[in-house]
1. Of all residues in the range 127-157, how many are under 15 Å from K187 (Cα atoms), outside any helix (DSSP H, G or I) and modelled with pLDDT under 95?
2. Among the listed residues L181, L162, identify the single one that is closer than 27 Å to L19 by Cβ, among the aliphatic types (A, V, I, L, M) and at pLDDT 95 or above.
3. Could you identify the single residue in E35, E27 that is touching a Ser or Thr at 6+ places or on another chain (Cβ under 9 Å), at pLDDT 95 or above and on the phi < 0 side of the Ramachandran plot?
4. May I ask you to verify whether H198 is surrounded by 15 or more Cβ atoms within 10 Å (Cβ to Cβ) and at pLDDT below 90?
5. I want to confirm something. Restricting to the range 70-85 and keeping residues that are modelled with pLDDT of 95 or more and not in a strand (DSSP E or B), which single residue is farthest from M22 (Cα to Cα)?
6. Considering only residues that are touching a residue at least 12 places away in the same chain (Cβ under 8 Å) and surrounded by fewer than 16 Cβ atoms within 10 Å (Cβ to Cβ), which ones fall in the range 149-161?
7. Of the residues V137, V93, which is of a type outside the set (K, R), surrounded by 15 or more Cβ atoms within 10 Å (Cβ to Cβ) and more than 17 Å from the chain's Cα centre (by Cα)?
Amino acid sequence: MMLNKKEQPLTENLPLFPLAIMILPGETRFLHIFEQRYKNLFEDIKQFENSFCIPFVLEGKNSQTGSLVKLDRVLARYPSGEVDIAVKGIDIVSVRTFNEEHPNRLYPYGDVETLNKDSVKATNELLKIFEKYNEIVLKLDLTKYTGINFYLIANSIGLSDLEKYDLLNRENEKQMNKTLLNYVRLKTILAQQQNALHKYYCLN
């Protein structure tokens with residue numbers, strides 16, 4: 001997969017919830033749970049410290065790359081047992097084994113290798129181009145943030161789930177920085193073009 005070569009912690013028998021979404025560390029996403037097997041997963045979630053893994057579904061198939069997420073809050077419960085929840089990305093995982101159905105429950109489960117999210121450091125070049133993007137698009141006071149890190153940048157520029165997957169599957173930290181740098185540059189150019197177009201139509 002990617003990142004450091006050190007042996008990473010392996011979590012066994014973790015619930016799996018395959019989806020075509022990629023949740024980065026620090027990112028919050030919203031899920032509507034309606035299938036019985038994932039209702040089962042939600043009922044059991046406290047047994048797993050409120051955490052589960054979302055393997056990324058690519059072209060209808062489960063990939064090895066996934067997101068380790070933790071239940072952030074329950075947004076709504078329905079008489080049918082369906083539930084709306086918010087989950088927060090904790091780390092990136094590599095799914096080592098995938099079992100379609102738990103022996104006593106319906107949801108998939110497997111063993112996942114947790115990758116160290118802090119092992120990816122943003123380069124100075126990436127930080128610099130993000131500052132430019134912020135000036136044009138976000139307009140945030142970056143001095144209020146304790147630290148601008150790799151995933152904060154990735155979470156701030158509106159990457160699609162496929163772009164996140166592409167980013168996370170680069171061979172090493174250098175390639176990940178290069179890929180994210182290219183995404184920030186592209187989105188900066190698009191924002192500049194949009195601003196120029198807006199000014200043109202406002203003035204004419």
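The values are calculated or read from the model by the stated rules, or taken from the named source; none is laboratory data. These figures come from a predicted structure and were not determined experimentally. Positions of Cβ are backbone-derived with ideal geometry, glycine not excepted, and every protein chain shown enters the neighbour counts.
1. 1
2. Being closer than 27 Å to L19 by Cβ, among the aliphatic types (A, V, I, L, M) and at pLDDT 95 or above holds for just one of L181, L162, which is L162.
3. Selected residue: E27, the only one of E35, E27 that is touching a Ser or Thr at 6+ places or on another chain (Cβ under 9 Å), at pLDDT 95 or above and on the phi < 0 side of the Ramachandran plot.
4. For H198, the condition - surrounded by 15 or more Cβ atoms within 10 Å (Cβ to Cβ) and at pLDDT below 90 - is not met.
5. Keep residues of the range 70-85 that are modelled with pLDDT of 95 or more, which gives 70-79, 82-85.
Next, only the ones that are not in a strand (DSSP E or B) stay: 78-79, 82.
Details: Y78: 26, P79: 29, E82: 22 Å.
Applying the filter and picking the extreme gives P79.
6. We begin by selecting, within the range 149-161, every residue touching a residue at least 12 places away in the same chain (Cβ under 8 Å); these are 149-159, 161.
Selection gives G158 alone.
7. Details: V93 fails: more than 17 Å from the chain's Cα centre (by Cα).
Going through V137, V93 in turn, the sole match is V137.
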